[in-house]
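Below you'll find the structure, written out as structure tokens, and then a few comments.
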Amino acid sequence: MSDFWEGKNVFITGINGFIGGNLAKTLLNRGANVTGLVRNRNRNTLIFHEGLADKLVLIEGELVERELLEGIIAEQQIDVVFHFAAQVEVGVGIKNPYLTFETNIRGTYCLMEAIRTSGQKVKSIVVASTDKSYGSYPKDRMPYKEDYPLLPKYPYDISKACGDMIAQSYASDIFNLPVVVTRFCNIYGPGQLNFSAIIPDGIRSALGYTKFNPRGDGTHIRDFIYVEDVAELYMLIGELLANEPDRLAGEIFNAGTNTAHSVRQLLETIFLKIGKPDDLKEIIALMKNRKPTGEIDVQFMDFDKVNRFTGWKPQHSLDQGLNKTIDWFQKYLREQYGL
């Protein structure tokens, strides 16, 4: 295992989120000094639930506060930046496109400009995007490839595609920042406390704490990748980019498991694992004729390119990842509900 992260000063936007919190946990275990931007000190998050917050430097502020970001990068002598902060809800994007564009577009160029003007030599900048930047392609064009033209339609998708292009402009020979854009499939695992996401919502319902309300007919095709695998990949990309900026700067990396599943198949797996076949039958009946707004029908990824560059491949199958995720939520929900 590389000792690259020992003593490195790392800045994570969105550290109080699911992916940012899991990455912070892994970085702390590798000896990094981690600073995170938080909008507020919401304690119902992974970094507080697992007692990580006291080991981090947490700075409250907004992603669009460029001068604050510049000060953080300079004063904390940041070596590596991971940009996760975003408005991530497709539905919120439709209801409130202004908020989505402000956070995901303006937030990205404020961060890039803060890095550029900070005077600090940041060695690696990894920008987390999404498979939704590609927009809708027919099933026979799946999995998405990094060279596909971006065809976003809905506000969230457009905001992320714009952020990608802004980040890449800072990696150009005009500004020469060491930036990589990542587009991963649906990430799941311990600490995903946004219950609008299908897996934590399904687990919570199957465990009997809530009633599952389907948002679609279950035919949508998606790929699901376990968060521990994602954290390892982010660290591999961050390290490689710092060591070989001329080779990696401006690159785009997709990542998935090379295996797609329908939403219905996913829910069947969750409910049957937890032993709730009757609840599952009821949900499947409710799914009929429900078509969500703003959702792309088919999306999945492969990891061919990122494997060529880093040697990475996912270590968890969906079955293994769900087992670990269900175990975590069983303990977490018992604590939350006092049972």
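The values are calculated or read from the model by the stated rules, or taken from the named source; none is laboratory data. The structure displayed is predicted, hence computed values, not measured ones. Glycine gets a Cβ as well: all are built from the backbone with ideal geometry, and neighbour counts include every protein chain shown.
A few remarks follow.
- Of residues in region 280-339 being among the polar types (S, T, N, Q), in contact (Cβ under 8 Å) with a residue 24 or more places away in the chain and closer than 21 Å to SER196 by Cα, the one surrounded by the most Cβ atoms within 10 Å (Cβ to Cβ): GLN299
- Count - residues of region 171-203 that are over 30 Å from LEU240 (Cβ atoms) and crowded, with 18+ Cβ neighbours inside 10 Å: 6
- Qualifying residue in region 226-249 (condition: surrounded by fewer than 20 Cβ atoms within 10 Å (Cβ to Cβ), within 27 Å of TYR154 (Cβ to Cβ) and not small (Gly, Ala, Ser)): no
- Residue selection: GLU62 satisfies the criterion of being closer than 24 Å to ASN22 by Cβ, surrounded by fewer than 22 Cβ atoms within 10 Å (Cβ to Cβ) and either touching a residue at least 60 places away in the same chain (Cβ under 8 Å) or not aliphatic (A, V, I, L, M) (or both).
- Which listed residue, of SER196, SER159, is small (Gly, Ala, Ser) and touching an Asp or Glu at 6+ places or on another chain (Cβ under 7 Å): SER196
- The single condition among (1) in contact with a helix residue (DSSP H, G or I) (Cβ under 9 Å, 6 or more places away or on another chain); (2) crowded, with 16+ Cβ neighbours inside 10 Å; (3) more than 25 Å from ALA231 (Cβ to Cβ) that GLY71 does not meet is (2).
- Residue-level check: of (1) modelled with pLDDT of 95 or more; (2) among the polar types (S, T, N, Q); (3) in a helix (DSSP H, G or I); (4) over 25 Å from SER136 (Cα atoms), GLN336 misses just (1).
- Of all residues making up region 138-158, the number that are under 23 Å from GLY93 (Cβ atoms) and either aromatic (Phe, Trp, Tyr) or not in a loop (DSSP other than H, G, I, E, B) (or both): 8
- Condition met for THR100 (touching a Phe, Trp or Tyr at 6+ places or on another chain (Cβ under 7 Å) and either under 17 Å from TYR156 (Cβ atoms) or modelled with pLDDT under 95 (or both)): yes
- Check on TYR188, of a type in the set (Ser, Thr, Tyr) and farther than 18 Å from ILE296 by Cα: yes
Yes/no matrix, rows are residues, columns are (1) within 16 Å of GLU232 (Cβ to Cβ); (2) crowded, with 17+ Cβ neighbours inside 10 Å; (3) of a type outside the set (S, T, N, Q):
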| residue | (1), (2), (3) |
| --- | --- |
| ILE12 | yes, yes, yes |
| ILE19 | yes, yes, yes |
| ASN29 | yes, no, no |
| GLY36 | no, yes, yes |
| ARG41 | no, no, yes |
| ALA53 | no, yes, yes |
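Condition check ((1) within 16 Å of SER118 (Cβ to Cβ); (2) within 21 Å of the chain's Cα centre (by Cα)) across all residues:
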residue: ILE59; (1), (2): yes, yes
residue: ARG66; (1), (2): yes, no
residue: ILE72; (1), (2): yes, no
residue: ILE94; (1), (2): no, yes
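- Of the numbered criteria (1) free of Cβ contacts under 8 Å to residues at least 40 places away in the same chain; (2) over 17 Å from ALA242 (Cα atoms); (3) not in a helix (DSSP H, G or I), the one GLY7 fails is (2).
- If you go through region 295-321 and keep only what is within 20 Å of THR219 (Cβ to Cβ) and modelled with pLDDT of 95 or more, you end up with just LEU318.
- Residue tally, condition of a type outside the set (Val, Ile, Thr), at pLDDT 95 or above and outside any helix (DSSP H, G or I), over region 15-49: 6
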